[in-house]
Amino acid sequence: MQEKYNHLDVEQTAQTHWTTRDAYRVIEDAARKKFYACSMLPYPSGKLHMGHVRNYTINDMLTRYLRMNGYNVLMPMGWDAFGLPAENAALKNGVPPARWTYENIAYMKRQMQAMGLAIDWSREVATCDPRYYKWNQWLFLKMLEKGIAYRKTQVVNWDPVDQTVLANEQVIDGKGWRTGATVEKREIPGYYLKITDYAQELLGHVQTGLPGWPERVKLMQENWIGKSEGVRFAFTHNIRGDNGALIGGGRMYVFTTRADTIMGVTFCAVAPEHPLALHAAKTQPALAAFIEECKTGGTTEAELAVKEKVGMRTGLKVVHPLNGHLIDVWVGNYVLMSYGDGAVMGVPAHDERDFAFAKKYGIAIVEVVLVDGMTYDYDQWQDWYGDKQRGVTINSDSFSGLSYKDAVNAIAHALGKEGLGEKKTTWRLRDWGVSRQRYWGTPIPIIHCAEHGAVPVPEKDLPVVLPQDCVPDGSGNPLNKHEGFHAGVVCPICGRSARRETDTMDTFVDSSWYFMRYCDPTNDQKMVAEGADYWMPMDQYIGGIEHAILHLLYARFWTKVMRDLGLVKVDEPFTKLLTQGMVLNHIYSRKGEKGGVEYFWPHEVEDIHDANGKITGAKLKEAKGSLPAGTLITYEGVGTMSKSKNNGVDPQDLIEKYGADTARLYTMFTAPPEATLEWNDAAVEGSYRFLRRVWNFGARLSAINNIASHAISTGVDGQFGKEAKALRLEIHTVFKQVDYDYQRMQYNTVVSGVMKMLNALEDFKSDGSTGSVMAVREGFGMLLRCMYPATPHIAHTLWTELGFAGQLGDLLDAPWPKVDDSALVQDEIELMLQINGKLRGAIRVPAGSGKEVIEAAAVASEVFVKLAEGAAPKKVIVVPGRLVNVVI
RNA sequence: GCCCGGGUGGUGAAAUUGGUAGACACAUCGGACUUAAAAUCCGCCGCUUUCCUGCAUAAGGGGCGUACCGGUUCGAUUCCGGUCCCGGGCACCA
């Protein structure tokens, strides 16, 4: 074999071997234990980034490990190929999104192949392929039929200059990203999916049906779904609209989880779009202007939450349902029309936000809950004002003197008697709006007829194919102007000329079921074929923690819809979930003269540290453009790697310089899979060095005559000398830990274990006896199999070169090693000795000693005698195999 | 603002979840090999030397130490309460 490790040769040869064998094609086989291990499908942004490398290496390690353990393992791959970045690239380069996307896919696929991933490429899926998105359209039509999909207005970010809808990402500080114009909220019609119909089941399964999911993800989903029990009730009024009818039937509904405080209501607030607000604005120009002002700014929850809470009186009054007081109706910028009934009651005494609002506008504060006899201070909010558990109602007529629970029951009962309210469960979760005013997505299969309105495209006409030749220019959806898309379109009902819907679907639709399509990706008869019954549910899903809520919740919902339509049998798609941590890198920027921000690559700057070693800033290493070397650069901290911030690391450089095995080993070794990884490329060299050491050891071994014939025969302990026994104890002890770490997917310590194995083998002084050679061969054979899932190329080559393949077969399917218990037997063990909980020394006792023997040894030890100074032990705690603690 | 997670040496981290804190590595430094360099191999590597023994900044012992403050326990990186900082998500980025 070659004396020097040459990663190019090794990786090429191994990959050719696997390709020739068609090693990764898997077929459904009911006789074998199946395992479906899948990564979240990548967006084809151009190149792989380190997050991908990390994700797929985890997936690949799992796949190869399980295959050696006898499983029929599926590892598929696909492309989340629709989306905004392709349109942005088109704006920049004038290249149609389709071409850009397919070129990226081709490039990234080559990169994945160079990484040596055990992907079954025969199942590849691209979501922009009509054979795929046809089924998005098909299921959407089924949902329309079932009433799961419906149409209503949605609020979007509107750029008044470009006359286009903006994504939240395209709104920067309330301004359009390209025009700088102040963004407005605008209501337009769109399609929604009734995920709220599934809220209870989605919540229930989080709590009981997903034991293989991380607790933190389940908690996040639980909070997102946000079940709350409360009371929905109405204030009454006789305000009439222009048509003479009572607005809202004379009722203004609100929802509250604090019905016990209803007697403390001193105002109400409605959303700017609420019918009462719009009615009042007709006669009050100031109010109309205020409502208009509320429309500025973006739509994100974060933005609304930090916005100052402001309001304006409408002059309208409504009647309190229990005490008959007339209550002022305000318009509040913090009330959302899309949440509940678009109106809230205001109880300043017991809600922090209402308190602040009341102080600001001089609204009365009426204390109606007393906590532990504490004195209410009307000037200053205290946290206990909102404490419902310890409170007792006061100032509440017949509802006074009650606990929270009793007060809510009594008040709900009283409202019920009047027919003005009842207990209700509400959800924070909102229905899923799937309409996007964009080109590069799945066309929504609807035809608009002047007479019949929005008419579903007949199933036989699917797919509605997206034209491939559009180049977005930033002003609206190019499908509106694409004549071919609308040519010859007729209403399916009356046959008269009509227009296609030009909205496309949210790309979360694409990613909500692709993992079922992998089971039979080109089937043109069925959305999912029988293969899905074999592979689903997915056994292990792996992806970024950033998808903990939206993607995972939508995929769970979509699966349940498919189940209810009889397409699949599973309730939940993902049995186990591993949420990989983000790969972060430092971000360096500088404000340009014109106000824009320029980002710098980490390698272009040198950090400036304070006395504690913290980075406070940076300076340019070399001149760049008009900026001289040494120019001060702002350090923005760490953040996810992104193209726009110039802080991505291209794995291609690593692969070319050191090989895929080094890139894989490094990403696995540097941090545990679930942890955030702050990039630091100084340590890559070390991983390469380790592989070279493994290679060199293998080369030395192959030089020993007949090494291949020294197969181990377990259980024949007598054949090993003392040194060989010690080596086997070390190797098998470490292997036991490595195997445990494989099972819990803690791959960083798997790599540590492999390093420990090599250290032990290198330190071993062979006496040339058969036992010595056998122990080394056994140890190295175990090492190769342990490192193989992480670094398959080098392991495959050494395995073959050293003749292991001849005995145990191709490493792909070689049997996973077993711990030889006889190698773990020890005569004597060491226990730590603590006195009063402090470590003072150690004692040696025969293995398997009982508590009495250990106690006696501890008390008799030199350390104890010296420190106890004759005092008798008060208590002795023995932790088997670890330590003994004597309390005196 | 709200929800979730994290914080351990110069650096990445480990500690099988209450039992030897820093395994395994990276970097720096010191040494071997070499005419030299590279490569390789070996060694040191939390703080405290105004805590003690010592000529000693050698060696040994002691004390402190897992973001910070407090608590539970024979024993806390691990459990509980509070604070600070960092990261992820917040429904049209994916």
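The values are calculated or read from the model by the stated rules, or taken from the named source; none is laboratory data. Just so it is clear, the model here is predicted, and its values are computed rather than measured. For neighbour counting, all protein chains shown are included, and Cβ atoms are generated from backbone atoms with ideal geometry for every residue, glycine included.
Restricting to region A:717-737, give me the number of residues that are surrounded by 19 or more Cβ atoms within 10 Å (Cβ to Cβ), under 36 Å from the mean Cα position of the chain (by Cα) and either within 11 Å of RNA strand B (Cβ to nearest atom) or not in a helix (DSSP H, G or I) (or both). So that I can check it myself, show each step before the final result.
First pass over region A:717-737, keeping only residues surrounded by 19 or more Cβ atoms within 10 Å (Cβ to Cβ): A:720, A:724, A:727-728, A:730-732, A:734-735.
Then drop every residue that is not under 36 Å from the mean Cα position of the chain (by Cα), which leaves A:734-735.
With either within 11 Å of RNA strand B (Cβ to nearest atom) or not in a helix (DSSP H, G or I) (or both) added as a condition, the list becomes A:734.
Residues in region A:717-737 being surrounded by 19 or more Cβ atoms within 10 Å (Cβ to Cβ), under 36 Å from the mean Cα position of the chain (by Cα) and either within 11 Å of RNA strand B (Cβ to nearest atom) or not in a helix (DSSP H, G or I) (or both): 1 in total.
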| field | region A:63-86, residues that are among the aliphatic types (A, V, I, L, M) and either out of contact with any strand residue (DSSP E or B) (no Cβ under 7 Å at 6 or more places or on another chain) or surrounded by fewer than 24 Cβ atoms within 10 Å (Cβ to Cβ) (or both) | value | A:Leu66, A:Met68, A:Met77, A:Leu84, A:Ala86
| message | Can you tell me which residue is surrounded by the fewest Cβ atoms within 10 Å (Cβ to Cβ) among those in region A:430-469 that are among the polar types (S, T, N, Q) and within 16 Å of RNA strand B (Cβ to nearest atom)? | response | A:Gln437
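Inspect region A:579-586 for any residue being away from RNA strand B (no atom under 14 Å from the Cβ) and either surrounded by 17 or more Cβ atoms within 10 Å (Cβ to Cβ) or over 26 Å from the mean Cα position of the chain (by Cα) (or both) and give the result as yes or no. Full working, then the answer.
Residues of region A:579-586 away from RNA strand B (no atom under 14 Å from the Cβ): none.
The answer is no; no qualifying residue exists.
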| query | A:Asn157 fails exactly one of the following numbered conditions: (1) under 30 Å from A:Leu62 (Cα atoms); (2) assigned to a strand (DSSP E or B). What is the number of that condition? | reply | (1)
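Rundown of residues vs (1) in contact with a Gly (Cβ under 8 Å, 6 or more places away or on another chain); (2) away from RNA strand B (no atom under 14 Å from the Cβ); (3) at pLDDT below 95; (4) at negative phi, yes/no style:
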site: A:Asn72; (1), (2), (3), (4): no, yes, no, yes
site: A:Trp79; (1), (2), (3), (4): no, no, no, yes
site: A:Pro85; (1), (2), (3), (4): no, no, yes, yes
site: A:Asn88; (1), (2), (3), (4): no, no, yes, yes
site: A:Val95; (1), (2), (3), (4): no, yes, yes, yes
site: A:Ile105; (1), (2), (3), (4): no, no, no, yes
site: A:Met115; (1), (2), (3), (4): no, yes, no, yes
site: A:Trp121; (1), (2), (3), (4): no, yes, no, yes
site: A:Val125; (1), (2), (3), (4): yes, no, no, yes
| note | Over region A:1-27, the set of residues touching a Leu at 6+ places or on another chain (Cβ under 9 Å) and among the charged types (D, E, K, R) is A:Arg21
| Can you name the residue in region A:358-408 that is under 16 Å from A:Leu322 (Cβ atoms) and within 42 Å of the chain's Cα centre (by Cα) and, of all such residues, is surrounded by the most Cβ atoms within 10 Å (Cβ to Cβ)? | A:Val369
| query | Taking interchain pairs and intrachain pairs at least six residues apart, which have beta carbon atoms under 8 angstrom, with the first residue in region A:834-849 and in contact (Cβ under 8 Å) with a residue 24 or more places away in the chain and part of a strand (DSSP E or B) and the second more than 7 Å from RNA strand B (Cβ to nearest atom) and of a type in the set (S, T, N, Q)? | reply | A:Ile843/A:Ser861
| field | Selection within region A:841-888 - surrounded by 17 or more Cβ atoms within 10 Å (Cβ to Cβ) and near RNA strand B (Cβ under 8 Å from one of its atoms) | value | A:Leu883, A:Asn885
| Members of region A:785-826 found to be crowded, with 19+ Cβ neighbours inside 10 Å, at pLDDT below 95 and of a type in the set (A, V, I, L, M), listed by number | A:Leu802, A:Ala823
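Going through region A:404-445 one residue at a time, which ones are part of a loop (DSSP other than H, G, I, E, B) and closer than 30 Å to A:Gln221 by Cα? Before the answer, list the steps.
Quick first cut of region A:404-445, residues part of a loop (DSSP other than H, G, I, E, B) only: A:419-420, A:428-431, A:434, A:437-442, A:444-445.
A:Arg428, A:Leu429, A:Arg430, A:Asp431, A:Val434, A:Gln437, A:Arg438, A:Trp440, A:Gly441, A:Thr442, A:Ile444, listed by residue number.
What are the residues in region A:55-94 that are of a type in the set (Ser, Thr, Tyr), touching a Phe, Trp or Tyr at 6+ places or on another chain (Cβ under 6 Å) and either closer than 25 Å to A:Tyr132 by Cβ or in a loop (DSSP other than H, G, I, E, B) (or both), if any? Give the steps one after another, and end with the answer.
Initially, region A:55-94 is screened for residues of a type in the set (Ser, Thr, Tyr), giving A:56-57, A:63, A:65, A:71.
Narrowing the set further to residues that are touching a Phe, Trp or Tyr at 6+ places or on another chain (Cβ under 6 Å) leaves A:65, A:71.
A:Tyr71, the sole residue that qualifies.
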| field | Filter result for A:Val306 (modelled with pLDDT under 95, among the β-branched types (Val, Ile, Thr), out of contact with any strand residue (DSSP E or B) (no Cβ under 9 Å at 6 or more places or on another chain) and within 16 Å of RNA strand B (Cβ to nearest atom)) | value | yes
| If a residue has to be within 14 Å of RNA strand B (Cβ to nearest atom) and hydroxyl-bearing (Ser, Thr, Tyr) to count, how many in region A:137-185 make the cut? | 2
| field | Pairs where the first residue, in region A:485-508, is within 16 Å of RNA strand B (Cβ to nearest atom) and the second is of a type in the set (Asp, Glu), C-beta under 8 Å, 6+ apart | value | A:Thr507/A:Asp80
| field | Hits in region A:533-551 (condition: within 18 Å of A:Asn72 (Cβ to Cβ) and surrounded by fewer than 18 Cβ atoms within 10 Å (Cβ to Cβ)) | value | A:Asp533, A:Tyr534
| said: Which numbered condition in (1) without any contact (Cβ under 8 Å) to a residue 40 or more places away in the chain; (2) part of a loop (DSSP other than H, G, I, E, B); (3) under 30 Å from the mean Cα position of the chain (by Cα) is the only one that A:Gly116 fails? | reply: (1)
